[in-house]
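The values are calculated or read from the model by the stated rules, or taken from the named source; none is laboratory data. Just so we're clear, the structure is a prediction, and the values are computed from it rather than from any experiment. Here the Cβ positions follow ideal geometry from the backbone for every residue, glycine too, while neighbour counts run over all protein chains shown.
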Amino acid sequence: MNNMRNVEPLVTANTAKMTARKVQVYYGTTHAIKDVDVDILDKTVTAFIGPSGCGKSTFLRCLNRMNDTIAVCKVTGELKLEAEDIYDPRVDPVQLRAKVGMVFQKPNPFPKSIYDNVAYGPKIHGLTRNKAELDAIVEGCLKKAALWNEVKDRLDAPGTGLSGGQQQRLCIARAIATNPEVLLMDEPCSALDPIATAQVEELIDELRSQFSVVIVTHSMQQAARVSQKTAFFHLGNLVEYGETAQIFTNPKDPRTESYISGRIG
Amino acid sequence: MTDIPADGMAARAGSILVPSGLMKRRNAAEQRFRLYGVASIAVSLAVLAIMLITIFTDGLSSFRQSAITFPVLLTADALDPDGNRDRAEMTDVTTIGYGKVIDASFDALLAVEGITVEGLSEKDARGILSKEAAGQLRARVLADPSIVGTTIDMTLWTNARIDGYFKGRVTMETAERDGNVSPEQLQLADLLRDRGILSQPFNWAFLTGSDASDQRPEAAGLGISIVGSIYMMIIVALLCVPIGVAASIYLEEFAPKNRWTDLIEVNISNLAAVPSIVYGILGLAVFINFAGLPQSSSLVGALVLTLMTLPTIIIATRAAIRAVPPSIRDAALGVGASKMQTVFDHVLPLAMPGILTGAILGLATALGETAPLLLIGMVAFVDNFPAASVGGILDPATALPVQVYGWAQRADPAFIERSSGAIIVLLFFLVIMNAVAIVLRRRFERRW
């Protein structure tokens, strides 16, 4: 299953969905992200790898302005979603997050029914006119998240009653229900067992046909399996960014090589 | 392995079969700690039991009141001199007029039953009836003037000493020395009781009647204080819960974290520790002297209790909101919910059980609060019920704990019984409120 992905042709000619130029992030006086330039391509899985504390999650959270909730966090530089600056004062982060969805490290379904978990986003963004449309969205998203067959008979059951892997897929279904353009995933498999991880990875690969996916991961194998582009972060710097195959087989920077060969990190 | 004897009780150094000296001390410390815990719980339960037993033994009897049931001839000449059964004109007849009617009927009762007690004059015999009896009869007749001219069976209270005799407060020996009651009167009461004329029915008037003067404890009821307490609780709940929850949500979720909000936070914590009587002084100065609201009214009492309860509710609500896991907020923000939607759709439902518990505990404290109400005049003797409309909150009223305090101060021992009875009613309301808290908590608590 995974071999197949490795021999896939590398994605080319994709336009940049999001672009970052000279992005700096400060937590108070700590300079957490330094001069990051990166292009997130459309319909591509981009993996952020790096040792703990290297800033990859911080940078990910800049992409949908989740860092706004942290009072001491300050972001400078240029971050654009399709040529529009997402840190422009006119941008409402709430509206941005409907376009740039997020899946978190720990599965965090709402303490509501499975149906309501998925329906919440479309409801608050007014994406549906009636119950039938909402039902269709819920069904579609649960199918895309490969969860439909497991939960279709118990949509009224609490989302928190599912297993960890199912919960994470429910969170993915919830994130794609608002029809985002970019899907950010912050270590989505770190709380899951290998079987659930494989399911989620398979799902990520399928989501690529519709969304631009950015995934932060601690597992280099996972990055190699699911991504086409990989960015290696170290101590707040973006050390190397390129085709996944190239990063893992022929890294240009000695730090990248040390990390993927297990000498640092 | 070979050094361990077959019985397994080796004295080998470091053996896990033998507790080390340190281990023994640690276990002993734990045992001691458990013992302290059990002892303190046992002591508290014992004190609680003693308190409840005292209150119930003293107070339960107030729910029964000795009364004499006998036919009363409502002579038309005395009660309706004009003969047209007009209620307005009949109010001219005072309780003195009714007293005479009762006296005549009571004398007739004793004559018919053939009851005589040696050395007891007719006047003294009538004395076993309550001073309130004439008032009881007058209220009955004015409620239905058409009964004038007929003979009706009336149940009229005995006076508090006779009542006390059947409840064990008064004995033949104490009656000898008591100017208010004589042993002969007690003998008469015994005779009436033997014939089933004197009985001790459930005392509804204790729950529905108004307070009575020092001279007639048998007529004193809790009605006005219950109404006052209910009015106040409704107002306090309507004011406290929305204001407290809104303030908590703002402070916890929206307010910037700066020196001002720190200052507010410290002040809220301090306000929760301010003695309640200080709120009474504040209420007197602000609501009565400055705003000119009527004193003794439920509204002023409720406003004072609201001020007193708000800090408690805010602290409990903030704790409940803070206990909601941040991952839920992330999840909501992550799908593009606004701050407000995050709070109202996700945080608040999860915090609800904690908020409700805090709110109802705050209300329960307010229900039992006495000191601030004394200062705003709710300790006054109130004889008329507050109106059963919204305007009623401006009418003078008392509150249950204040009534307890008031009765406990009075000289007649019958009021001690009444006071304990009032405590039972107060405890009943507190138990109801706590039960509501538990039910609501269960209902809002999500087990998922």
Worksheet item: If you go through segment B:300-334, how many residues are in contact (Cβ under 8 Å) with a residue 40 or more places away in the chain and either surrounded by fewer than 19 Cβ atoms within 10 Å (Cβ to Cβ) or at positive phi (or both)?
Response: 1
Discussion item. Is it the case, given these coordinates, that B:D82 is outside any loop (DSSP other than H, G, I, E, B), farther than 30 Å from B:R418 by Cα and free of Cβ contacts under 8 Å to residues at least 60 places away in the same chain?
Written reply: no
Worksheet item: Out of all the residues in segment A:121-143, is one or more more than 11 Å from chain B (Cβ to nearest Cβ), of a type in the set (A, V, I, L, M), closer than 24 Å to A:V226 by Cβ and in contact (Cβ under 8 Å) with a residue 12 or more places away in the chain?
Response: yes
Practice prompt. Only residues that are within 13 Å of chain B (Cβ to nearest Cβ) and in contact (Cβ under 8 Å) with a residue 24 or more places away in the chain: list them for segment A:67-86, please.
Written response: A:N67, A:D68, A:I70, A:V72
Worksheet item: Of these, A:A191, A:A173, which one is part of a loop (DSSP other than H, G, I, E, B), within 14 Å of chain B (Cβ to nearest Cβ) and under 17 Å from the mean Cα position of the chain (by Cα)?
Response: A:A191
Practice prompt. Sort out for me the helices (runs of 4 or more DSSP H) sitting completely within segment B:89-145 that have 2 or more residues that are of a type in the set (K, R) and under 40 Å from the mean Cα position of the chain (by Cα).
Written response: B:122-126, B:133-143
Item to complete: State yes or no: is B:A366 part of a helix (DSSP H, G or I), at the interface with chain A (Cβ under 9 Å from one of its Cβ atoms) and touching a residue at least 12 places away in the same chain (Cβ under 8 Å)?
Response: no
Worksheet entry | Members of segment B:192-245 that are without any contact (Cβ under 8 Å) to a residue 24 or more places away in the chain and either surrounded by 23 or more Cβ atoms within 10 Å (Cβ to Cβ) or in contact with a Gly (Cβ under 8 Å, 6 or more places away or on another chain) (or both) | B:T208, B:G209, B:G221
Practice prompt. Sort out which residues of segment A:94-110 are of a type outside the set (F, W, Y), modelled with pLDDT of 90 or more and more than 16 Å from the chain's Cα centre (by Cα), and write them in order of number.
Written response: A:P109
Worksheet item: Got a number for residues in segment B:340-349 being facing chain A (nearest Cβ under 7 Å) and either within 17 Å of A:R61 (Cβ to Cβ) or surrounded by fewer than 19 Cβ atoms within 10 Å (Cβ to Cβ) (or both)?
Response: 1
Worksheet item: Among the residues of segment A:144-167, is there at least one that is under 27 Å from A:I86 (Cβ atoms) and at pLDDT 90 or above?
Response: no
Practice prompt. Tell me which of these A:P111 doesn't satisfy, since it passes every other one: (1) touching a residue at least 24 places away in the same chain (Cβ under 8 Å); (2) assigned to a loop (DSSP other than H, G, I, E, B); (3) more than 12 Å from every other protein chain (Cβ to nearest Cβ).
Written response: (3)
Practice prompt. Could you please let me know if A:I204 is aliphatic (A, V, I, L, M), more than 30 Å from A:I260 (Cβ to Cβ) and not in a strand (DSSP E or B)?
Written response: no
Practice prompt. Please work out if B:A337 is crowded, with 19+ Cβ neighbours inside 10 Å, among the small types (G, A, S) and over 30 Å from A:Q167 (Cα atoms).
Written response: no
Practice prompt. Kindly indicate the residue of segment A:48-68 that is in contact with a helix residue (DSSP H, G or I) (Cβ under 7 Å, 6 or more places away or on another chain) and closer than 15 Å to A:I86 by Cβ and also surrounded by the most Cβ atoms within 10 Å (Cβ to Cβ) among those meeting that condition.
Written response: A:N64
Discussion item. Name the single residue that is nearest to the other protein chains (Cβ to nearest Cβ) among those in segment A:144-159 being part of a helix (DSSP H, G or I) and without any contact (Cβ under 8 Å) to a residue 60 or more places away in the chain.
Written reply: A:G159
Response to the item:
The residue from B:R443, B:R447 that alone is in a helix (DSSP H, G or I) and modelled with pLDDT under 90 is B:R443
Fill in: Given (1) under 30 Å from B:L191 (Cβ atoms); (2) surrounded by fewer than 17 Cβ atoms within 10 Å (Cβ to Cβ), index of the condition B:L52 fails
(1)
Fill in: Failed item in (1) more than 24 Å from B:T94 (Cα to Cα); (2) basic (K, R); (3) at pLDDT below 90, with B:R193 passing the rest
(3)
Fill in: Residue identified as among the aliphatic types (A, V, I, L, M), assigned to a loop (DSSP other than H, G, I, E, B) and within 14 Å of another protein chain (Cβ to nearest Cβ) among B:V382, B:V324
B:V324
Discussion item. Given the condition in a helix (DSSP H, G or I), in contact with an Asp or Glu (Cβ under 6 Å, 6 or more places away or on another chain), of a type outside the set (F, W, Y) and buried (at least 17 other Cβ atoms within 10 Å of the Cβ), answer yes or no: does some residue in segment A:79-93 qualify?
Written reply: yes
